[in-house]
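Since the structure comes first, as structure tokens, the remarks are kept for the end.
The values are calculated or read from the model by the stated rules, or taken from the named source; none is laboratory data. Everything quoted here is computed from the prediction, not taken from an experiment. Here Cβ is always computed from backbone atoms with ideal geometry, including for glycine, and neighbour counts include all displayed protein chains.
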Amino acid sequence: MTGTTVVDTGPLVAFLNRGDAHHAWARAQMERLEPPLITCEAVLAEACHHQRRPPEGVPALLEMVDRGLISVAFRLDEHVRRVRELLRRYADVPMSLADACLVRMSEVAPGALLFTLDGDFRVYRRLGRQTIPLIIP
């Protein structure tokens with residue numbers, strides 16, 4: 001599969017954790033997708049939080065960044081107004097900072113697919129009313 005892929009926390013955690021219910025699915029998707037997958041620091045922070053155990057989880061995630069499989073391609077300070085708008089609009093969902101950043105990333109890379117396990121992305125809209133193209137089980 002070619003093109004830009006924006007990656008969320010869930011697939012990263014599932015890919016690295018053999019005990020995760022979505023591990024096999026995440027591995028299969030990762031084999032199909034062309035690196036680098038792009039993401040934001042908020043997603044990496046969430047994934048590191050979920051990968052504290054086993055202890056090799058965080059280093060494995062950071063190795064993916066070091067090897068160029070994942071690229072941090074978002075600066076919050078450049079998009080903070082739009083991210084704040086999204087957080088207000090979806091406060092009832094509720095939307096996390098990471099989710100708002102990913103929606104914004106999908107807005108600035110309109111051909112991108114969002115690789116996620118989070119069904120909330122079926123609710124979120126980009127650029128007003130546009131659905132976000134997803135890779136989701």
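Can you name the residue in region 33-44 that is part of a helix (DSSP H, G or I) and free of Cβ contacts under 8 Å to residues at least 40 places away in the same chain and is also surrounded by the most Cβ atoms within 10 Å (Cβ to Cβ) among such residues? Restricting to residues being part of a helix (DSSP H, G or I) and free of Cβ contacts under 8 Å to residues at least 40 places away in the same chain, the top hit is Leu44. Would it be correct to say that Glu85 is surrounded by fewer than 19 Cβ atoms within 10 Å (Cβ to Cβ), closer than 22 Å to Arg27 by Cα and among the charged types (D, E, K, R)? Considered against the rule, which asks whether it is surrounded by fewer than 19 Cβ atoms within 10 Å (Cβ to Cβ), closer than 22 Å to Arg27 by Cα and among the charged types (D, E, K, R), Glu85 comes out as no. Return only the number of the condition from (1) surrounded by fewer than 22 Cβ atoms within 10 Å (Cβ to Cβ); (2) more than 17 Å from Leu62 (Cα to Cα) that Thr5 does not satisfy. For Thr5, the exception is condition (1). Count of region 8-20 residues, restricted to those that are within 15 Å of Glu56 (Cβ to Cβ) and in a helix (DSSP H, G or I), is 4. Answer yes or no: is there a residue in region 65-75 that is surrounded by 12 or more Cβ atoms within 10 Å (Cβ to Cβ) and more than 16 Å from the chain's Cα centre (by Cα). Checking region 65-75: not a single residue is surrounded by 12 or more Cβ atoms within 10 Å (Cβ to Cβ) and more than 16 Å from the chain's Cα centre (by Cα).
Within region 21-32, does at least one residue satisfy the condition of being over 20 Å from Pro133 (Cα atoms), in contact (Cβ under 8 Å) with a residue 12 or more places away in the chain and assigned to a helix (DSSP H, G or I)? There is no residue in region 21-32 that is over 20 Å from Pro133 (Cα atoms), in contact (Cβ under 8 Å) with a residue 12 or more places away in the chain and assigned to a helix (DSSP H, G or I). In the set Asp77, Asp66, only one residue is under 16 Å from Val103 (Cα atoms), without any contact (Cβ under 8 Å) to a residue 12 or more places away in the chain and either touching a Phe, Trp or Tyr at 6+ places or on another chain (Cβ under 7 Å) or not hydroxyl-bearing (Ser, Thr, Tyr) (or both); that residue is Asp77.
Restricting region 103-123 to residues that are among the acidic types (Asp, Glu) and in a helix (DSSP H, G or I) leaves a set whose member that is surrounded by the most Cβ atoms within 10 Å (Cβ to Cβ) is Glu107.
Take Ser96 and decide whether it is modelled with pLDDT of 95 or more, of a type in the set (Gly, Ala, Ser) and surrounded by fewer than 16 Cβ atoms within 10 Å (Cβ to Cβ). No.
Checked against the criterion of being farther than 20 Å from Gly128 by Cα, touching an Asp or Glu at 6+ places or on another chain (Cβ under 6 Å) and of a type outside the set (D, E, K, R), the candidates Thr9, Thr5 yield just one match: Thr9. The residue that is modelled with the lowest pLDDT, counting only those in region 124-137 that are farther than 16 Å from Pro11 by Cα and part of a loop (DSSP other than H, G, I, E, B), is Gly128. Look at (1) at pLDDT below 95; (2) farther than 16 Å from Ala112 by Cβ; (3) not acidic (Asp, Glu) and you find that Leu12 fails only one, number (1). Residues in region 45-87 that are among the hydrophobic types (A, V, I, L, M, F, W, C), outside any helix (DSSP H, G or I) and at pLDDT 95 or above: Leu69, Ile70, Val72, Phe74.
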